[in-house]
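For reference, the structure discussed in these notes is given below.
The values are calculated or read from the model by the stated rules, or taken from the named source; none is laboratory data. If you're wondering where the values come from, they're calculated on a predicted model, not measured in any experiment. Ideal geometry is used to build each Cβ from the backbone, glycine not excepted, and the neighbour counts take in all protein chains shown.
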Amino acid sequence: MPEQYPERAKGQEAHHVPVMLQEAVDALAVRPDGVYVDCTFGGGGHSAEILRRLGPDGRLLVFDQDEDARLNLPEDPRMVFIPENFRHIGRFLRFDHAIPVDGILADLGVSSHQFDEAARGFSTRFEAPLDMRMDKRQSQTAATLLASLDEKALHLLLERYGEVTNARTLAHTLTEYQQSVPLKTIRQLKEAAAPVVKGNPHKYFAQVFQALRIAVNDELGALEALLEQVPSLLKPGGRIAVITFHSLEDRIVKQFFRYGSLDAPETDDIYGTRRESPLKVITRKPLLPSAEETARNPRARSAKLRVGEKI
Ligand SMILES: C[S@@+](CC[C@H](N)C(=O)[O-])C[C@H]1O[C@@H](n2cnc3c(N)ncnc32)[C@H](O)[C@@H]1O
């Protein structure tokens, strides 16, 4: 299921409603004098709740690769904003003399602020350039990505990241189209794909856009890079909480918490011993949002929260 966003009228101001707010911050078991990291500051909802639970000596370091997130920063001397990709978490925490930390939170994907800003190109509802970058300093956009991929690579991307049912056909159609006209705008993409859209067009394009967005921002690569550093950043007993919005992300988090490695074997090694994970799994099954929350906030529908603890 692609990430879900509420339909809004054009121009209507977006307010990001934090997903699984209490559950995620409860999972961190915030200590008043602890040091915490919010890897995905966004609209600052989770950070505000962490700050509420921190005492005057607590610290909160927040990352967001989107400079615009700065607009949502509260004035709070306990907080530091790091406008960078969380894949570099270790380097920046070291620079801030913040290691080891008591807890790390990541609430993945894009925020409603980004999604509802037409010019960012994340939403199928607007006419805008095919951009989709969370970090506007990055050179690759959805348009340059589409121009650079061959048919096979595009097919795999649409299938893997979007679970687009007719990924092969769509990749062929888009590649043919691009022989004469480069795909630069959302309208062009929709026009090019129109003859092969399957099922509900809104859902179909949500899947296509999800696939492109994941690739443009290398979302899975950033998540993997973050997770690999987590054990060396947390204090013993420190917690990591991750909210994911699709199965590819969830699988990576589940596997990492279980084995402490991204490439862990499913079976025991040749000596019959299982690789020791530096993390204890706190959530054997992912926590899901309540029915009340999903009714109130459609974006919460696909959310899963997993929590690990440094041993
Ligand atoms: C779902 S929103 C977070 C919302 C936030 N928890 C709140 O309560 O408002 C995700 C945010 O993380 C940022 N983000 C996503 N991936 C990132 C990455 N790899 N590095 C830094 N920031 C990232 C996005 O720019 C976006 O603002």
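At a glance:
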read-out: Residue check for Lys280: at pLDDT 95 or above and touching an Asp or Glu at 6+ places or on another chain (Cβ under 8 Å); value: yes
read-out: All positions within segment 107-122 that are near the ligand (Cβ under 8 Å from one of its atoms) and either surrounded by 23 or more Cβ atoms within 10 Å (Cβ to Cβ) or part of a loop (DSSP other than H, G, I, E, B) (or both); value: Asp107, Leu108, Gly109, Val110, Ser111, Gln114
read-out: Filter result for the condition that a residue is within 12 Å of the ligand (Cβ to nearest atom), surrounded by fewer than 19 Cβ atoms within 10 Å (Cβ to Cβ) and not basic (Lys, Arg), over Asp135, Asp150; value: Asp135
read-out: Pair list, Cβ < 9 Å and 6+ apart or interchain, from segment 230-253 residues that are without any contact (Cβ under 8 Å) to a residue 12 or more places away in the chain to residues that are more than 13 Å from the ligand (Cβ to nearest atom); value: Ser247/Met1; Ser247/Glu163; Ser247/Lys304
read-out: Residue tally, condition within 13 Å of the ligand (Cβ to nearest atom) and part of a strand (DSSP E or B), over segment 219-260; value: 4
read-out: Failed item, numbered, when Phe86 is tested on (1) crowded, with 23+ Cβ neighbours inside 10 Å; (2) aromatic (Phe, Trp, Tyr); (3) closer than 22 Å to Arg187 by Cβ; value: (3)
read-out: Glu84 being more than 8 Å from the ligand (Cβ to nearest atom), under 23 Å from Ile214 (Cα atoms) and touching a Lys or Arg at 6+ places or on another chain (Cβ under 9 Å); value: no
read-out: Tabulated pairs, segment 93-109, first without any contact (Cβ under 8 Å) to a residue 60 or more places away in the chain, second assigned to a strand (DSSP E or B) and away from the ligand (no atom under 16 Å from the Cβ), C-beta under 9 angstrom, 6+ apart or interchain; value: Asp96/Arg59
read-out: Matching residues, segment 33-56, being surrounded by fewer than 18 Cβ atoms within 10 Å (Cβ to Cβ) and part of a loop (DSSP other than H, G, I, E, B); value: Asp33, Gly55, Pro56
read-out: Test for Ala222: is it without any contact (Cβ under 8 Å) to a residue 60 or more places away in the chain, surrounded by 17 or more Cβ atoms within 10 Å (Cβ to Cβ), in contact with a Lys or Arg (Cβ under 8 Å, 6 or more places away or on another chain) and closer than 30 Å to Val37 by Cβ; value: no
read-out: Hits in segment 73-92 - residues which are in a loop (DSSP other than H, G, I, E, B) and in contact (Cβ under 8 Å) with a residue 40 or more places away in the chain; value: Asn85
read-out: Candidates Arg125, Arg78, Arg59, Arg70 - the one that is surrounded by fewer than 22 Cβ atoms within 10 Å (Cβ to Cβ), of a type in the set (Lys, Arg) and within 13 Å of the ligand (Cβ to nearest atom); value: Arg70
read-out: Qualifying residue in segment 20-32 (condition: more than 10 Å from the ligand (Cβ to nearest atom), closer than 30 Å to Arg137 by Cβ and surrounded by fewer than 18 Cβ atoms within 10 Å (Cβ to Cβ)); value: no
read-out: Residues satisfying the stated conditions in segment 182-218, i.e. assigned to a loop (DSSP other than H, G, I, E, B) and in contact with a helix residue (DSSP H, G or I) (Cβ under 7 Å, 6 or more places away or on another chain); value: Pro182, Leu183, Lys184, Val197, Lys198
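Residue-by-condition table, conditions (1) surrounded by 20 or more Cβ atoms within 10 Å (Cβ to Cβ); (2) in contact with a Phe, Trp or Tyr (Cβ under 9 Å, 6 or more places away or on another chain); (3) of a type in the set (S, T, N, Q):
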residue	(1), (2), (3)
Arg168	no, no, no
Thr173	no, no, yes
Glu176	no, no, no
Ala194	no, no, no
Ala211	yes, yes, no
Asp263	no, no, no
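Per-residue answers, yes or no, for (1) under 18 Å from Leu61 (Cβ atoms); (2) out of contact with any helix residue (DSSP H, G or I) (no Cβ under 8 Å at 6 or more places or on another chain):
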| position | (1), (2) |
| --- | --- |
| Pro83 | yes, no |
| Ile89 | yes, no |
| Asp96 | yes, yes |
| Ile99 | yes, no |
| Glu127 | no, no |
| Ser148 | no, yes |
| Leu158 | no, no |
| Tyr177 | no, no |
